[in-house]
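Worksheet: the structure to be examined is printed underneath.
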Amino acid sequence: MSIKSILVIEDDRFIGEMYVRSLKKAGYDVDWMVDGNDGLVGARNKPYDLILLDIMLPERKGSEILDALRGKEDLIPNTKVIVLTNFEQDQESRLAMEHKVDAYLIKAEITPRKLISIIEQLDT
């Protein structure tokens, strides 16, 4: 599978704009949602190759979106999911989430270049 389309679900305008600009420059087709409800609707209504998911979102938390997308229904079995967060989770919560995603990244440690490199690694 080749990653071409990416949905960014991120409420921080600065971070969202930075990711979107970098991903588009790298040749990806990118949509951006700023709250959890819109993000979930977007993820359900259009097939994406990859979803970049923030945890702390208005309206609906990223963990709830993840449960909806990768829960019992498994609405997006072929879509890769990368969690990007600065939210400190306890070890148990983080481990539970890591089992449902393709990568779990801390925003403060990820530059746009590093993010693109990680996406390219997932694409192999």
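The values are calculated or read from the model by the stated rules, or taken from the named source; none is laboratory data. Quantities reported herein were computed from a predicted structural model and do not represent experimental measurements. Cβ atoms come from the backbone with ideal geometry, glycine included; neighbour counts cover every protein chain shown.
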- Check whether at least one residue in the stretch 85-96 is in contact with a Phe, Trp or Tyr (Cβ under 9 Å, 6 or more places away or on another chain) and closer than 17 Å to D123 by Cβ, and report yes or no. no
- Verdict on M97 being surrounded by fewer than 16 Cβ atoms within 10 Å (Cβ to Cβ), more than 21 Å from S5 (Cβ to Cβ) and touching a residue at least 24 places away in the same chain (Cβ under 8 Å): no
- Message: For the stretch 67-85: of the residues being farther than 13 Å from I51 by Cβ and modelled with pLDDT of 80 or more, which is nearest to the chain's Cα centre (by Cα)?
- Response: T85
- Message: Here are the criteria: (1) surrounded by fewer than 21 Cβ atoms within 10 Å (Cβ to Cβ); (2) assigned to a loop (DSSP other than H, G, I, E, B); (3) aromatic (F, W, Y). Tell me which single one Y48 does not satisfy.
- Response: (1)
- Query: Could you say whether any residue in the stretch 49-62 is more than 21 Å from D12 (Cα to Cα) and either touching a His at 6+ places or on another chain (Cβ under 7 Å) or of a type outside the set (S, T, Y) (or both)?
  - Reply: yes
- Query: Which residue, of E88, E92, is in a loop (DSSP other than H, G, I, E, B), modelled with pLDDT under 90 and farther than 22 Å from R44 by Cβ?
  - Reply: E88
- Item | Single residue of the stretch 1-15 satisfying the filter (surrounded by 15 or more Cβ atoms within 10 Å (Cβ to Cβ) and over 11 Å from the mean Cα position of the chain (by Cα)) that is nearest to K114 (Cα to Cα) | I15
- Of (1) at pLDDT 95 or above; (2) among the hydrophobic types (A, V, I, L, M, F, W, C); (3) part of a helix (DSSP H, G or I), L40 fails just (1)
